[in-house]
Structure formats: C-alpha cells, structure tokens
1. Taking the chain as a Gaussian network, where each spring joins two C-alpha atoms under 10 Å apart, which residue of LEU156, LEU165, LEU145 fluctuates the most?
2. Sorted by accessible area with a 1.4 angstrom probe, largest first, how do ARG123, ARG113, ARG133, ARG12 fall?
3. Could you give the angle, 0 to 90 degrees to the nearest 10, between helix 105-117's Cα long axis and the longest principal axis of the Cα atoms of the chain?
4. If one takes the longest principal axis of the Cα atoms in the chain, at what angle in degrees, from 0 to 90 and to the nearest 10, does the Cα axis of helix 62-83 lie?
5. Å³ per residue of the Cα convex hull, for the range 1-71?
6. Across 10 Å bins from the origin, how do the percents of Cα pairs in the range 78-163 run, short distances first?
7. Please list log₁₀ I(q)/I(0) at q = 0.08, 0.10 Å⁻¹ for the chain, using the Debye equation with identical point scatterers on the alpha-carbon positions.
8. Given a 1.4 Å probe, how much area per residue of the chain is accessible, in Å²?
Amino acid sequence: MTAAAPRLRSSRRIPAALTALAVLVVAGVFLYDLAAVRAHRPGMRWRRELVGQLERHTPADTEVLVAGGVLALAGAVLLLLAFAPGLRGLLTMRAEPGLRAGIRRKAAALVLRDRAMEVPGVRSVRVRMGRGRVGVRATSHFRELDDVRADLDAALAVGIEELGLAHPPRPRVRVRR
C-alpha cells in the first residue's frame with residue numbers, strides 16, 4: 001500500500017503568468033525611468049503628470065478612494081486565488097510515487113449509487129459525496145430495514161475500497177420505507 005497522496009490543487013498558470021507579466025512590465029518601466037533620472041535626463045512625461053496629479057488630489061477625494069478600493073479588491077482576488085485550494089470537485093486517489101490521480105465527486109457518487117442499487121430490497125438511492133463523508137439515502141420496499149442497512153454498509157465499504165481513495169470517506173446510511 002502506498003502513502004497517501006497530497007490533495008490535488010489547480011495550477012493557475014494563466015493568472016500567475018498574467019500577474020508576472022504585468023509586474024515585469026511595470027518594474028521595467030520604473031527601472032528605465034529611474035535610470036534616466038539618475039543619468040541627469042528628465043523623467044518620463046507620465047511621471048511628471050503623475051506628480052502633478054498627486055499634488056492636486058488628496059487621499060479624501062472620491063476618485064482616489066474608488067481607485068484604492070479597486071486596487072484593494074484586485075489584491076484580495078489575487079490572494080484568494082493564491083490561497084484557495086481549487087479542484088474541490090476532485091477526490092485524491094492512491095497512486096504510485098510520482099503519479100497523481102483523482103476522481104470527480106459526482107463520478108464517485110454514481111459508482112457508489114450503482115453499487116447500492118445492487119442490494120436486494122433497495123428501490124431508490126441518493127448519494128451525496130463529500131470530501132470526508134458519503135451521505136446515502138435509500139428507500140426499501142420489501143426487506144427489513146436493518147437487513148437492508150447492513151447489506152448497504154457492506155456494499156458501500158467494498159465500493160469505497162474499490163474507488164482507491166487516498167482518504168476514504170465515512171459512509172452515513174439512512175434507510176426508510
């Protein structure tokens with residue numbers, strides 16, 4: 001048996017590349033302008049205009065507050081993207097070292113639902129797959145509820161084991177008429 005695989009995370013290559021490109025362009029422009037000023041040449045026109053704008057506007061102006069709010073919102077979105085795990089719909093599967101495998105929650109729920117429908121006495125089943133728990137609601141029509149529940153527990157235990165999940169969820173079974 002192999003060690004548990006780490007949780008799958010989305011790579012977020014496009015937002016990271018766009019952010020890195022924007023930072024690179026802005027840093028390059030600032031570096032060029034700083035080098036020009038240090039070489040006793042006049043600063044770029046946008047820099048002189050920015051200084052003029054900063055002299056006319058105070059931090060209490062509406063435009064400054066709106067621009068600050070937009071920048072703060074953009075920063076919060078970037079932080080959210082950086083810290084959010086992503087790929088929450090995938091359940092990590094056990095795999096060989098160097099390999100990563102996952103299965104969608106809906107697909108795993110469908111497999112367990114099909115497994116539960118094979119139990120004698122079960123008329124219908126609803127399966128909700130979470131990261132740590134499987135919720136199963138079954139309707140029985142001709143067998144004793146305790147017998148159906150015991151068979152469902154056994155069938156789901158085998159089904160969860162066959163899914164090969166790195167962190168097997170705990171089943172929660174409810175059976176009614």
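The values are calculated or read from the model by the stated rules, or taken from the named source; none is laboratory data. This structure is a prediction, so every number in the text was calculated from the model and none was measured. A quick note on method: Cβ atoms are made from the backbone with ideal geometry, for glycine too, and the neighbour counts reach across all protein chains shown. Just so you know, the surface numbers come from the protein's heavy atoms only, side chains and all, with ligands and any DNA or RNA stripped out. Shrake-Rupley method; radii C 1.70, N 1.55, O 1.52, S 1.80 Å.
1. LEU145
2. Numbers: ARG123 140, ARG113 85, ARG133 105, ARG12 60 Å².
Result of the area sort, largest leading: ARG123, ARG133, ARG113, ARG12.
3. Compared with the principal axis, the helix lies near 10 degrees.
4. 40
5. Working: hull volume 12.1 nm³, N = 71.
In the range 1-71, the Cα convex hull volume per residue is 170 Å³.
6. Result, from short to long distances: 16, 40, 25, 13, 5, 1 percent.
7. Debye output, listed in q order: -0.53, -0.64.
8. Details: 12720 Å² over 177 residues.
Roughly 72 Å² per residue, with all protein chains present.
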